[in-house]
Amino acid sequence: MSFFITLIESSDAGRRALEDLPRVHAMIHHGLTLREYQAFLHDLYYVVWHFCPVMAAAAARCGDEFRDVRYSLYERIEEEKGHEAWVLEDVAAVGGDVGFVKANPPSLPVQAMIGYNYHGAEHVHPCSVVGMLYMLEVVSSVYGGRVSDSIARALGRDVEAGGFKFLSSHATMDLDHMAKLNVLVKTIADPDAQRSIISSTRVNFYQFGLMFGDDGFAAAAAA
């Protein structure tokens, strides 16, 4: 059986658990309030800001036995660099404070998720970054378009009018990324690398879910 299929089967419980969270379910079907969306974008900015540096840390530790992973990460870094600016554009478009977002850290779950991914890339196995990629691409490709449409309706805005550039664009982009990831994952036969990817995927789904809990962006929105 393909390792990509193994990865899907071993992590799908985490994806389903994420979708079953009350705030995630509500966001998909009913959107967010303006304050909640601004707080969500605050957290999202830091997830995106650290995306390329985490991949760079992993790429730097990939030996020649994982050169396909290294070159794939180089390609992804080139594609993704600067996308944190898209999040800031969305913040400004919905009346958020860009300066405040850049000057203040994200919620505790997001800080923990970012720290976990750096630790995995630098101290566990460089291929663990593939778990981060897989989780984020699943979330973007499966839910990104639905979420941006739902939030726009709740706010009485048109998606094309501004404020949803990051979510709507990545809903389409990450379908292509997922196809490329499928090909890449099938080249990874090393058991330690596979275990690190599965573990990272599970943790990333769990940590991303905590972002929607009482310590996540909703706490900032309620403050």
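Things worth noting here:
- Test result for THR187, among the β-branched types (Val, Ile, Thr), within 18 Å of VAL129 (Cβ to Cβ) and either surrounded by fewer than 18 Cβ atoms within 10 Å (Cβ to Cβ) or in contact with a Lys or Arg (Cβ under 6 Å, 6 or more places away or on another chain) (or both): yes
- Residue check, GLU79 under 22 Å from LYS186 (Cα atoms) and at pLDDT below 95: yes
- All positions within the range 1-44 that are buried (at least 18 other Cβ atoms within 10 Å of the Cβ) and acidic (Asp, Glu): GLU36, ASP43
- Some residue of the range 147-165 being open to solvent by less than 10 Å² (accessible area, probe 1.4 Å), without any contact (Cβ under 8 Å) to a residue 60 or more places away in the chain and among the acidic types (Asp, Glu): no
- If you go through the range 109-146 and keep only what is aromatic (Phe, Trp, Tyr) and open to solvent by 20 Å² or more (accessible area, probe 1.4 Å), you end up with TYR116, TYR118.
Here is a yes/no grid of residues against (1) touching a residue at least 60 places away in the same chain (Cβ under 8 Å); (2) touching a Lys or Arg at 6+ places or on another chain (Cβ under 7 Å):
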| residue | (1), (2) |
| --- | --- |
| PHE4 | yes, yes |
| SER10 | yes, no |
| VAL24 | yes, no |
| LEU44 | yes, no |
| HIS50 | yes, no |
| MET55 | yes, yes |
| GLY63 | no, no |
| ASP68 | yes, no |
| ALA85 | no, no |
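- Those helices (runs of 4 or more DSSP H) of the range 55-135 in which at least 2 residues are of a type in the set (Asp, Glu), considering only elements entirely within it, cover 67-80, 83-93.
The values are calculated or read from the model by the stated rules, or taken from the named source; none is laboratory data. Please read all numbers here as calculations on a predicted model, not as lab measurements. Quick reminder, even Gly has a Cβ in these numbers, built from the backbone with ideal geometry, and neighbours come from all protein chains shown. Accessible surface is based on the protein model in full, side chains and every heavy atom, while ligands, DNA and RNA are left aside. Shrake-Rupley method; radii C 1.70, N 1.55, O 1.52, S 1.80 Å.
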